[in-house]
There are 2 protein chains.
Amino acid sequence: MSKSRKVSFQDIKSEVIKRIQNRVWRQGTLLPTEHELALEFDCARATVNRALRELAEEGIVDRKRKSGTRVNMSPIKQAKFEISIVRQTIEDTNAIYRYSLVDRALAQAPDWLRAQLNVPVDGQVLYVKCMHYADDHPFQIEERWINVDAVPDVVDADFTQSGPNEWLLAEVPFSNAEITFCAVAATEAMAEFLAAPLNAPLFQMERKTWFRGKPVTFVRMSFRPGYRMSTKY
Amino acid sequence: MSKSRKVSFQDIKSEVIKRIQNRVWRQGTLLPTEHELALEFDCARATVNRALRELAEEGIVDRKRKSGTRVNMSPIKQAKFEISIVRQTIEDTNAIYRYSLVDRALAQAPDWLRAQLNVPVDGQVLYVKCMHYADDHPFQIEERWINVDAVPDVVDADFTQSGPNEWLLAEVPFSNAEITFCAVAATEAMAEFLAAPLNAPLFQMERKTWFRGKPVTFVRMSFRPGYRMSTKY
DNA sequence: CAGTGGTCTAGACCACGGT
DNA sequence: CCGTGGTCTAGACCACTGG
């Protein structure tokens, strides 16, 4: 008559969150062991384990062998941002995407870039500057430096039709990266390309990418004035 | 003589990533089924499942019932940012944290805020403005509006010694939030508090928070000029 | 409707790390 | 040492969805 369904790890997650919200388990409190919770919820320990493991990944609780599981002191710890290629970002707003190549040049890596990418002194890089438009309004300036040593084929790549981002995605299937956000004032060139006032505050995103331990590319993306990047959690 | 150890889900994750990097499985490729992989790796299906499930969470592959698992077209999809309270951020750089309350007032919620937080017309909010310093250099301006209806106790809270952030963390143990990043030009007031030039480009972070479906607070944090927020993945 | 992933179980062994 | 979480297994049933 009872036991309508099996207990799911989702049920346990919700219940644990509920108890934290209701102060049944306060911050810093030690939770019952997996075994005890499995008895309480009448389910397998593996089910409790998955629930608690996910809560730990989300930063809600801390787990340590032998010590046990306790409620984290500051629950909100991480925000995830979906980082997609510009084309996607723009098309997601139902705008028409347009791409334009501005500049492209092969050169020795300047010192600041060598420091960033850890490229040898005589290393060559391909510099690419391009624009991304949404409904023909300037949306983003992309300035990119690509380590020729890491992806030699790039010197033959034609970036007149589509950006280096999409080319690299196909070429470098998986990579590590470091992302940085900051605010800068529009230089004269940036102002012109973005149709913005000189010194306008611009949201900027930089990304360094490695593939198999080798530095591949450094990119600086400057967004149109007023751009906002959001996420929920 | 062989079989030194059991196959771990980590082993499978690494191997799958390796095959993607080596173009064994190209973008868009359909992977073998869990059952087939379990046979190949000579392990339980649950082990393969966990490996593939985590790769899916990380955005490396896409999984659909019946269709199977395929390599995602754009592998890099999400960046996680650790969001900690300012005190933590500052102390992590080995700087000395100092807090200062600037303003505090009870008021009717202005229209723009009512729209943001979905507060009733006659709703009261507590406005708090404060400063966070690192080694006595201005680090961040915090402007916050707290929905009195959601946390009535806040009217008795004393924010002269520590910020509303830490008070709320203890009071609201778990919450949903929406975070936004943008760039703004320093107003006269902001420039003064941050010891920055007028119109300096500032990195700004806004956060809306809900607890049990009720809007709790809206906060706008303006960082000192040159502040950069980074993450690796 | 049949194939694929999604999840649960009951039991086992292991690894880390307080005591 | 020994309790706690971390993981694997072998098997089972279910839920979604493409053909």
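Residues in region B:183-201: is at least one touching a Lys or Arg at 6+ places or on another chain (Cβ under 7 Å) and assigned to a strand (DSSP E or B)? No: zero hits. Within region A:28-57, residues that are of a type in the set (S, T, N, Q) have Cβ atoms under 6 Å from residues that are within 12 Å of DNA strand C (Cβ to nearest atom) and assigned to a helix (DSSP H, G or I) in these pairs: A:T47/A:F9; A:N49/A:E34, counting only partners at least 6 apart in sequence or on another chain.
Yes or no: B:M221 among the aliphatic types (A, V, I, L, M), in contact with a strand residue (DSSP E or B) (Cβ under 6 Å, 6 or more places away or on another chain) and in contact (Cβ under 8 Å) with a residue 40 or more places away in the chain?
On the way: among the aliphatic types (A, V, I, L, M): yes; in contact with a strand residue (DSSP E or B) (Cβ under 6 Å, 6 or more places away or on another chain): yes; in contact (Cβ under 8 Å) with a residue 40 or more places away in the chain: yes.
Criteria met by B:M221.
Which ones in region A:1-17 are under 33 Å from the mean Cα position of the chain (by Cα), surrounded by fewer than 13 Cβ atoms within 10 Å (Cβ to Cβ) and away from DNA strand D (no atom under 16 Å from the Cβ)? Within region A:1-17, just A:S14 meets the criteria. Taking the conditions (1) surrounded by fewer than 18 Cβ atoms within 10 Å (Cβ to Cβ); (2) of a type in the set (K, R); (3) in contact (Cβ under 8 Å) with a residue 12 or more places away in the chain in turn, A:R212 satisfies each one other than (3). Within region B:92-116, the set of residues being among the polar types (S, T, N, Q) and within 14 Å of chain A (Cβ to nearest Cβ) comprises just one member, B:Q116.
Quick check: anything in region A:68-91 away from every other protein chain (no Cβ under 14 Å), more than 16 Å from DNA strand D (Cβ to nearest atom) and at pLDDT below 95? For region A:68-91, residues away from every other protein chain (no Cβ under 14 Å), more than 16 Å from DNA strand D (Cβ to nearest atom) and at pLDDT below 95: present. Only residues that are crowded, with 17+ Cβ neighbours inside 10 Å and either in contact with a helix residue (DSSP H, G or I) (Cβ under 6 Å, 6 or more places away or on another chain) or more than 25 Å from B:L101 (Cβ to Cβ) (or both) were counted in region B:175-209, giving 6. Among the residues of region B:90-109, the one identified as surrounded by 13 or more Cβ atoms within 10 Å (Cβ to Cβ) and free of Cβ contacts under 8 Å to residues at least 12 places away in the same chain is B:E91.
Keeping to region B:43-84, report how many residues are in a loop (DSSP other than H, G, I, E, B) and either farther than 15 Å from A:I83 by Cα or more than 27 Å from the chain's Cα centre (by Cα) (or both). Full working, then the answer.
Looking only at region B:43-84, we keep the residues that are in a loop (DSSP other than H, G, I, E, B), and these are B:43-44, B:58-60, B:65-67, B:72-77, B:83-84.
Keeping just the survivors that are either farther than 15 Å from A:I83 by Cα or more than 27 Å from the chain's Cα centre (by Cα) (or both) gives B:43-44, B:65-67, B:83-84.
Of the residues in region B:43-84, 7 are in a loop (DSSP other than H, G, I, E, B) and either farther than 15 Å from A:I83 by Cα or more than 27 Å from the chain's Cα centre (by Cα) (or both).
Across region A:122-156, the qualifying residues are those that are assigned to a loop (DSSP other than H, G, I, E, B) and touching a residue at least 24 places away in the same chain (Cβ under 8 Å), and the one among them that is surrounded by the most Cβ atoms within 10 Å (Cβ to Cβ) is A:A150. Scanning region B:157-206 for residues that are touching a residue at least 40 places away in the same chain (Cβ under 8 Å), more than 7 Å from chain A (Cβ to nearest Cβ) and aromatic (F, W, Y) yields B:F159, B:F193.
Looking at region A:22-52, which of the residues that are within 11 Å of chain B (Cβ to nearest Cβ) and crowded, with 16+ Cβ neighbours inside 10 Å is nearest to DNA strand D (Cβ to nearest atom)? Give the derivation first.
Going residue by residue through region A:22-52, those that are within 11 Å of chain B (Cβ to nearest Cβ) are A:22-29, A:46, A:50.
Filter once more, so that each one left must be crowded, with 16+ Cβ neighbours inside 10 Å: A:25, A:27, A:50.
Numbers: A:W25: 13, A:Q27: 17, A:R50: 8 Å.
The selected residue is A:R50.
The values are calculated or read from the model by the stated rules, or taken from the named source; none is laboratory data. On a predicted model such as this, the values are computed, not experimentally measured, just so you know. Glycine also receives a Cβ, built like all others from the backbone with ideal geometry; neighbour counts cover every protein chain displayed.
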